[in-house]
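Enquirer: Pasting a structure here, questions to come.
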């Protein structure tokens, strides 16, 4: 009896899954919902960017401002793409479709590894270690990643090959795993370093909590993204770039982009102080309240 009920439930779940995935009406509902969620996160990032600019306009483009600007761009582009998801699927030449679907993922990587860079600078400064090579290394790594991905897009556009498409997904999986390791390495180090100091003030406890939460959120989301992309490289059922996987798309993008972005923006919502610092003040690392 139990086996019969289990088989019946499994069959009903499969029917439900395929009904939702194959229905154009349900596809539109899922994709419009994703578009609305991304738009909301984009607006939050834009409002926070405006608030920071009003508070400290004299500092120019600090890391904090760039972080919120990139969040606005990533989520804004995703909102537009999912609103016009059906039209995007049939764009020609195909490289345009690849750019719209994959480029926001690369920008998301750049956006959140800015936090890794910031934490690495804080950690190195606290340990009296050199920081001169951190920013150039960040730029070089991103340049290499974007160059490789652009070359893959051009080759696939010139001569579509299933092997290259799989390589592109594996490459994304490796990039995401690298980001997860970066958060674990520098977020974890900074958390442990802060933990060694006496937690006597509310501000110190809050900073410790911020670093711990952001590290856990970003490590988890990039690890999930890495696993999903690796699965998609070898199994078409995990492909996010097709119209008939709206349920999978909704679950994955909620877990790896929308919820992490919303949570991190909420955790790092505190504005920088509105009074300029003393002579020699370094505005870029000091205006971000992440740790």
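Enquirer: Report yes if some residue within the range 263-286 is under 19 Å from residue 186 (Cα atoms), assigned to a helix (DSSP H, G or I) and modelled with pLDDT of 90 or more; otherwise report no.
Expert: Yes.
Enquirer: Return the only residue of 175, 140 being modelled with pLDDT of 90 or more, part of a helix (DSSP H, G or I) and surrounded by 15 or more Cβ atoms within 10 Å (Cβ to Cβ). Don't jump to the end; show me each part of the working.
Expert: Working: 140 fails: surrounded by 15 or more Cβ atoms within 10 Å (Cβ to Cβ).
Just one listed residue meets the conditions, 175.
Enquirer: Which helices (runs of 4 or more DSSP H) does the range 15-126 wholly contain that include 2 or more residues that are modelled with pLDDT of 95 or more and surrounded by 15 or more Cβ atoms within 10 Å (Cβ to Cβ)?
Expert: Details: elements: 24-55, 63-83, 85-89, 94-126.
Correct list: 24-55, 63-83, 94-126.
Enquirer: I would also like to ask the following. Any residue that is within 20 Å of the chain's Cα centre (by Cα), crowded, with 18+ Cβ neighbours inside 10 Å and closer than 19 Å to residue 71 by Cα - is there at least one of those in the range 185-204?
Expert: no
The values are calculated or read from the model by the stated rules, or taken from the named source; none is laboratory data. Here the structure is a predicted model, which is why all the values come from computation and not from measurement. FYI the Cβ positions are ideal-geometry reconstructions off the backbone, even for glycines, and counts take in every protein chain you see.
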